[in-house]
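The values are calculated or read from the model by the stated rules, or taken from the named source; none is laboratory data. No experiment lies behind these values; they were computed from the predicted model shown. Note that each Cβ is placed from the backbone with ideal geometry, even for glycine, and that neighbours are counted across all protein chains shown.
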Amino acid sequence: MPCRTACSIHPTPLRPTSLHFIRVSICVFMGAVLSAALFWSQPAHAQLRIGQPSGFSGSVAVGVKENTVGAKLYFDEVNRRGGIHGQPIELRSVDDRFDPALTAATARDLITRDRVLALFLNRGTPHTQALLPVLLEHQVPLVGPSTGAFLLHEPPHPWVFNVRATYQREVVHAIAHLAQIGLKRIAVLYTQDSFGEDALAGAARGFAQVGIQPVRTEGFARDKPDFTRPAQALAQQLAQAVLIAGSAGNVAQAVKVLRAAGSNAQVVTLSNNASEGFIALLGEHARGVIVTQVFPNERGAAVPMVREAQQLARAAGLPGVSPAMLEGYAAAKVLVEGLQRAGPRPTPQRLRDALASMRQFNLGGLELGYSANDHTGLDYVDLSIINASGRFQR
């Protein structure tokens, strides 16, 4: 035993009381050393570890990767300046293959194994739905989910902090624009999941506001959809515009089939496809596609946040930023502000409380705030069209 070894090295005998004192002191010291070693060897929330379960493969991969590049532009800059209270931010991104069941399982691993402080910037409406019970079970916040699902906004979820407008608001805005320019024969194609149903609810509101009825409303499978029949029907019905709510890969495929069927209908899709990767997927059919946007013009240097992101992108050797990158950048700014307010040794609860305390946080030309009755964040909505050069034009 350590105590016996320590005692045996003394050249003269010790009294029982002295021997007992040394034994106790050495054991207390060794216990303290052991406790300290265990404490520092265990993962600590103060390491600012953040988890991102998202679709880095599959039909949304192009947008997810651009979201993540945008977020890392800001995280890397914060770390370069010394981190938050001296601690660097570590983003752990894990591919959930755009499968809601895997999203939940991956999130649990990130929370229980990797001890992340928060979940961040995941993609997909059904995927975020799958996370909600995980957030409640483990009391961990989710910051900046890359979805405009209405269910995340009303009623506000205590552990979810959105940084973008709802899909329903985007759809209403798009239908109002189409009606205003004289397009009344409008169809809706939507993915058959909670994302598509959310967009469909927004479409119902939009059509009611402009006083028209859709010429066709049809759902399609999220996995391996077949657009041949609906494309032929829309061509025969002389649809003037088609609003397509789906992932980037599926929408690009729908546009190609629609054009092959002879339809020249104006195509509109939502901000989940506001990425350069989506334009690449469209190929020769990209020109003229309208994409709703939930952040200012990515080339508009008059907005301070956009200008910041552009400068960091150029410093990283990138040609510029895309709308999807701006979404990630904005979400990262919100998370960093929450971590700053949470103090030098944050916990998920402290981070949640810090985020909830934001009232008028300036992202850089855009003001964001949360309250007990509102976790929406920004409510900005705009339209863009893909021009002949393959770029979003406002």
* Structure fact -> From the option list L243, L238, single residue qualifying as crowded, with 24+ Cβ neighbours inside 10 Å, out of contact with any His (no Cβ under 7 Å at 6 or more places or on another chain), within 16 Å of V188 (Cα to Cα) and among the hydrophobic types (A, V, I, L, M, F, W, C) is L243
* To do: Give the residue that is nearest to V251 (Cα to Cα), with candidates limited to residues of region 48-71 that are of a type outside the set (V, I, T) and in a loop (DSSP other than H, G, I, E, B).
  => S59
* Asked: If we scan region 384-393, do we find a residue that is part of a loop (DSSP other than H, G, I, E, B), assigned by TED's automatic domain parsing to the domain that holds G83 and either under 27 Å from V116 (Cα atoms) or touching a residue at least 24 places away in the same chain (Cβ under 8 Å) (or both)?
  -> no
* Which listed residue is assigned by TED's automatic domain parsing to the domain that holds V60, more than 13 Å from P296 (Cβ to Cβ), part of a loop (DSSP other than H, G, I, E, B) and of a type in the set (A, V, I, L, M), from L335, L355, L318, L339 -> L318
* Asked: Residue check: is G317 loosely packed, with under 14 Cβ neighbours inside 10 Å, of a type outside the set (D, E) and on the phi > 0 side of the Ramachandran plot?
  -> yes
* So, in region 172-225, of the ones that are surrounded by 17 or more Cβ atoms within 10 Å (Cβ to Cβ) and acidic (D, E), which residue ends up farthest from S384 (Cα to Cα)? -> D193
* Report whether or not T217 is farther than 19 Å from V289 by Cβ and either in contact with a helix residue (DSSP H, G or I) (Cβ under 8 Å, 6 or more places away or on another chain) or in the same structural domain as A324 (by TED's automatic domain parsing) (or both). => yes
* Considering only region 186-205, state which residues are touching a strand residue (DSSP E or B) at 6+ places or on another chain (Cβ under 7 Å), closer than 17 Å to V215 by Cα and not hydroxyl-bearing (S, T, Y). => I186, A187, V188, L189, A199, L200, A203
* **Search result, residues across region 72-101 that are in contact with a strand residue (DSSP E or B) (Cβ under 8 Å, 6 or more places away or on another chain) and either part of a helix (DSSP H, G or I) or outside the structural domain of S59 (by TED's automatic domain parsing) (or both)** => K72, F75, V78
* Asked: Just to be sure, is L119 closer than 21 Å to S54 by Cα, surrounded by fewer than 19 Cβ atoms within 10 Å (Cβ to Cβ) and at pLDDT 95 or above?
  -> no
* Asked: For region 192-234, how many residues meet the condition of being without any contact (Cβ under 8 Å) to a residue 40 or more places away in the chain, within 23 Å of I279 (Cα to Cα), of a type in the set (G, A, S) and assigned to a helix (DSSP H, G or I)?
  -> 1
* Asked: Looking at A179, is it farther than 28 Å from R359 by Cβ, among the hydrophobic types (A, V, I, L, M, F, W, C) and either in a loop (DSSP other than H, G, I, E, B) or without any contact (Cβ under 8 Å) to a residue 24 or more places away in the chain (or both)?
  -> no
